[in-house]
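K.L.:
Please see the structure below; I have some questions.
No lab work stands behind these numbers, since they all come straight from the coordinates. The structure presented is a predicted model; accordingly, all values stated were derived computationally and were not measured. Positions of Cβ are generated from backbone atoms using ideal geometry, with glycine treated the same way; all protein chains shown enter the neighbour counts.
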Amino acid sequence: MIDLKNFYNERKSSYYAEKYPTTQDDTPNTPPSVLDGEDAIRQFRNLAYPHTTPKGGQGEGGSEDKVMNVAFILICNYLDQMGYLIEEFPDFLSRPKSLNEFSYGDVRGALIAKGASNGVTVRWADRRAFVDGLHFRKKDGYCASADVRALIRRISTSGTDFSDKSPDELLEDIANAIENLLKKNGRFQKIGDELGCGLLGDEDIKKYRAMLQDFRHREASNIQNAQSYSEEQKHFLVRYGCMVLGSILEHEEGGGAKKG
């Protein structure tokens, strides 16, 4: 088991050190410990659920809440140091708020934005379900948005998480996702030069798609061509593809592409 207080004393970012200098008074008598990342995520969810104090009211700063908040920050620090992020709140683990601000503010606010509210309250059951549905993943350096990752999950047939896929697998998925977004009734839609401040247009996407065909097909010549790319080149193509997909998704939200 990993003692998270000792871990915090040894490993934390400058942001944590400045904003959360834990005090002895607020540290749990038995500091929280975790087995691994999965166990830390489970404990994060348990703390983020709406909860009550012994007095029966929602936690808002009593001694129990201070102890729970310290445990929450210690768990956030561990997950941050181990390279995790939350897709729905990408910056949270590196710059966390208090437990109450997250559970009552961010989670509740996200549900209100989704319409899960009667205008006054958000049901605790909805908040618990939202926390259960948070997507934790390890950072992979591709800067893919939650929408792009969700699209890849939907398109992919392997069932493997985005962060666990090889560059070759991701390039195949990206090629299929671009086709899924742009090919309607057997024809590719045109977007003109409206993406990326005019830096990304139909010809750019067409050229990129052509490069990815070798990652989609299993003929000997395709496999050989795919193997000719260096790992650095493949990582670049994945990052570029994530940007292309994100731009297309934003474009569709703004009115969609035109038929060619």
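K.L.:
So what is the 222 nm mean residue ellipticity for the chain from helices alone, if each DSSP H run of at least 4 adds -39500 (n - 2.57) and you divide by all residues, rounding to the nearest 500 deg cm²/dmol?
P.N.:
On the way: 11 runs with 131 residues, N = 260.
Mean residue ellipticity at 222 nm (helix-derived): -15500 deg cm²/dmol.
K.L.:
When ranked by the protection proxy of mean other Cβ atoms within 10 Å per residue, highest first, what sequence do the peptides 170-176, 6-12, 146-152 form?
P.N.:
Final packing ranking: 170-176, 146-152, 6-12.
K.L.:
On to the next question. In the Gaussian network model of the chain, springs joining C-alpha atoms below 10 Å, which of 21, 167, 32 carries the largest mean-square fluctuation?
P.N.:
21
K.L.:
What FRET efficiency would be calculated for the residue pair residue 197, residue 154, taking the C-beta separation as r and a Förster radius of 35 Å, to the nearest 0.05? Write down the numbers at each step before the final one.
P.N.:
Numbers: r = 28 Å, r/R0 = 0.80.
Here the calculated transfer efficiency is 0.80.
K.L.:
Based on the alpha-carbon gyration tensor of the stretch 127-213 and its eigenvalue square roots a ≥ b ≥ c, which shape applies: rounded if a/c is under 1.5, prolate if not and a/b is larger than b/c, or oblate?
P.N.:
Here the stretch 127-213 falls in the prolate category.
K.L.:
Using only the Cα atoms of the chain, each taken as one equal point scatterer with no solvent, compute I(q) by the Debye sum, divide by I(0), and report log10 of the ratio at q = 0.08, 0.16 Å⁻¹.
P.N.:
Values, matching the q order: -0.44, -1.16.
K.L.:
Please compute, for the alpha-carbon atoms of the stretch 63-151, the extent along each of the three principal axes and give them in descending order in Å.
P.N.:
40, 38, 17
K.L.:
Over 18 Å between Cα atoms: which of 165/190; 183/206; 5/138; 97/138; 5/139; 190/234 fall into that group?
P.N.:
Pairs exceeding the cut-off: 165/190; 5/138; 97/138; 5/139; 190/234.
K.L.:
Calculate, in nm to one decimal, what residue 113 and residue 221 gain on full extension: separation in residues at 0.36 nm each, minus their alpha carbon distance.
P.N.:
Full-extension gain reported as 33.9 nm.
K.L.:
Can you tally the net charge around residue 225? Count Lys and Arg as +1, Asp and Glu as -1, for every other residue whose Cβ sits under 11 Å from the Cβ of residue 225. Provide the component values of the computation, followed by the final result.
P.N.:
Numbers: positive: none; negative: 214, 219.
Cβ neighbours under 11 Å give a net charge of -2.
K.L.:
Another question, then. Can you sort 72, 162, 92 by how many other beta carbons sit within 10 Å, fewest first?
P.N.:
Numbers: 72 25, 162 22, 92 17.
Placing the least packed residue first, the sequence is 92, 162, 72.
K.L.:
Take the stretch 146-259, drop everything but the C-alpha atoms, weight them equally and run the Debye formula without solvent; then report log10 I(q)/I(0) at 0.16, 0.22 Å⁻¹ to two decimals.
P.N.:
Log10 of I(q)/I(0), two decimals: -0.74, -1.33.
K.L.:
Taking 0.36 nm per residue of sequence separation and subtracting the Cα-Cα distance, how much length would be gained by fully extending the chain between residue 139 and residue 168, in nm to one decimal?
P.N.:
Going from the current span to full extension adds 8.6 nm.
K.L.:
Oh, and also: Please give me the summed charge of the neighbours of residue 253: other residues whose Cβ is under 14 Å from its Cβ, Lys and Arg +1, Asp and Glu -1.
P.N.:
Its environment carries a net charge of -4.
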